[in-house]
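Student: A single structure is presented below for examination.
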């Protein structure tokens, strides 16, 4: 990871360069693109290869089934909890106004811009954008509640808070929507509550990073990475290819969340910690921009470049995502970072209890 990447990541996350968790931006890039692949940016295997022969069938199944955007969003939730709580472990409170101001500006300004763009462009843009906004709204609620949850964590312990949250989510699933397949099926009013254990798992990782890292050292890093991909494939098969016996992501995501704590600890400690790829780290800093704007890029190519062949169309989609992300990050997200930091500095930080 280059010095420039560390500095940019520090400014993004609002921490000193020495406190940057190296490798997380790479994971943010991979998970953001994983979501984009699930929303139409994946390689068009069904238009290039016929599902005949063992190898072709394997490739066909992997490409069409593995890009589980729900799993990628779950990784986002865990990373978010890790980053937010990581700087507040041991504290009983945070300065509410400073915290809310920074997060609202950091997240809210880019969100407001894409909402306006969707209205201006009309057509399918708004519908495609809605596929990603449910998780952004949940994040905003987590940020809004965090100053109230932190004293509870300090008083009762992170483990108890996580268990209570998980019990609430499973209770919602059993009593309200036992047949729900996707995490967003509880509506904007309750999606955040249902998904809260995933965010709190990141908080749990922040408090128990050394212990979980020690556990993860016994496991091969590529085994963990393949395990994440295997979950994406198996959970999608269980949801989409088992007919009336389908098992939704709503039931399987909790095991993946627990797995993510070990996997992320391993990535931070040794997998990406000292072997990061510079361009992936830099694009990972713009992970929020990728997440918000990839529906615009995919839709624009789909509507305006209809004459392209499958491979050229796919390359055009990837190029469009790169261009739109770069422009949006420098024009909107980065200025929002800077403004959030300036506004947040106006109030002193709260010292540990």
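The values are calculated or read from the model by the stated rules, or taken from the named source; none is laboratory data. Every value quoted in this text rests on a predicted model; they were computed, and no experiment measured them. All Cβ positions, glycine included, derive from the backbone under ideal geometry; neighbour counts span all protein chains shown.
Student: Can you run down the residue pairs with Cβ atoms below 9 Å, 6 or more apart or on separate chains, where the first is in region 300-321 and within 25 Å of residue 283 (Cα to Cα) and the partner is at pLDDT 90 or above and exposed (fewer than 14 other Cβ atoms within 10 Å of the Cβ)?
Tutor: Qualifying pairs under 9 Å: 301/319.
Student: Count, please, the residues in region 169-199 that happen to be exposed (fewer than 15 other Cβ atoms within 10 Å of the Cβ) and more than 22 Å from the chain's Cα centre (by Cα).
Tutor: Within region 169-199, residues that are exposed (fewer than 15 other Cβ atoms within 10 Å of the Cβ) and more than 22 Å from the chain's Cα centre (by Cα) number 6.
Student: Which of the residues that make up region 192-220 are modelled with pLDDT of 95 or more and either out of contact with any helix residue (DSSP H, G or I) (no Cβ under 6 Å at 6 or more places or on another chain) or closer than 30 Å to residue 243 by Cβ (or both)?
Tutor: Hits for region 192-220 are 193, 194, 195, 197, 198.
Student: Test each condition in (1) in a helix (DSSP H, G or I); (2) modelled with pLDDT under 95; (3) surrounded by fewer than 19 Cβ atoms within 10 Å (Cβ to Cβ) for residue 123 and report the one that comes out false.
Tutor: Unmet condition: (1).
Student: If you go through region 128-147 one residue at a time, do you hit one that is more than 18 Å from the chain's Cα centre (by Cα), free of Cβ contacts under 8 Å to residues at least 60 places away in the same chain and crowded, with 17+ Cβ neighbours inside 10 Å?
Tutor: Among the residues of region 128-147, at least one is more than 18 Å from the chain's Cα centre (by Cα), free of Cβ contacts under 8 Å to residues at least 60 places away in the same chain and crowded, with 17+ Cβ neighbours inside 10 Å, which makes the answer yes.
Student: For residues in region 45-81 being more than 22 Å from residue 325 (Cα to Cα) and outside any helix (DSSP H, G or I), which is modelled with the lowest pLDDT?
Tutor: By that ranking, first place goes to 51.
Student: Just to be sure before I move on: is residue 111 in contact (Cβ under 8 Å) with a residue 40 or more places away in the chain and either within 19 Å of the chain's Cα centre (by Cα) or within 13 Å of residue 200 (Cα to Cα) (or both) in the structure I sent?
Tutor: Values: in contact (Cβ under 8 Å) with a residue 40 or more places away in the chain: yes; either within 19 Å of the chain's Cα centre (by Cα) or within 13 Å of residue 200 (Cα to Cα) (or both): yes.
Against the criterion (in contact (Cβ under 8 Å) with a residue 40 or more places away in the chain and either within 19 Å of the chain's Cα centre (by Cα) or within 13 Å of residue 200 (Cα to Cα) (or both)), residue 111 qualifies.
Student: All but one of (1) surrounded by fewer than 20 Cβ atoms within 10 Å (Cβ to Cβ); (2) more than 16 Å from the chain's Cα centre (by Cα); (3) closer than 19 Å to residue 162 by Cα hold for residue 230, so report the exception by its number.
Tutor: Here residue 230 meets the rest and fails (3).
Student: Can you confirm whether residue 313 is surrounded by 20 or more Cβ atoms within 10 Å (Cβ to Cβ) and under 17 Å from residue 38 (Cα atoms)? Show your work before the answer.
Tutor: Values: surrounded by 20 or more Cβ atoms within 10 Å (Cβ to Cβ): no; under 17 Å from residue 38 (Cα atoms): yes.
So residue 313 does not fit the description; no.
Student: Sticking with this one: Within region 40-74, count every residue that is over 22 Å from residue 317 (Cβ atoms) and crowded, with 16+ Cβ neighbours inside 10 Å.
Tutor: Result for region 40-74: 1.
Student: For region 82-99, enumerate the residues that are assigned to a loop (DSSP other than H, G, I, E, B) and crowded, with 18+ Cβ neighbours inside 10 Å. Show your work before the answer.
Tutor: Taking region 82-99 first, the residues assigned to a loop (DSSP other than H, G, I, E, B) are 87-95.
Within region 82-99, 88, 94 meet the criteria.
Student: Go through region 319-349 residue by residue and tally those that are in a helix (DSSP H, G or I) and surrounded by fewer than 17 Cβ atoms within 10 Å (Cβ to Cβ). First the steps, then the outcome.
Tutor: At the first step, the residues of region 319-349 found to be in a helix (DSSP H, G or I) are 319-344.
Filter once more, keeping what is surrounded by fewer than 17 Cβ atoms within 10 Å (Cβ to Cβ): 319, 322-323, 326-327, 330-331, 335, 338-339, 341-343.
Residues in region 319-349 being in a helix (DSSP H, G or I) and surrounded by fewer than 17 Cβ atoms within 10 Å (Cβ to Cβ): 13 in total.
Student: Any chance region 185-192 includes a residue that's within 25 Å of residue 64 (Cβ to Cβ) and in contact (Cβ under 8 Å) with a residue 60 or more places away in the chain? Quick ask: steps written out before the conclusion?
Tutor: Filtering region 185-192 down to residues within 25 Å of residue 64 (Cβ to Cβ) leaves 185.
Going one step further and asking which of them are in contact (Cβ under 8 Å) with a residue 60 or more places away in the chain, we end up with 185.
The answer is yes, given that some residue of region 185-192 is within 25 Å of residue 64 (Cβ to Cβ) and in contact (Cβ under 8 Å) with a residue 60 or more places away in the chain.
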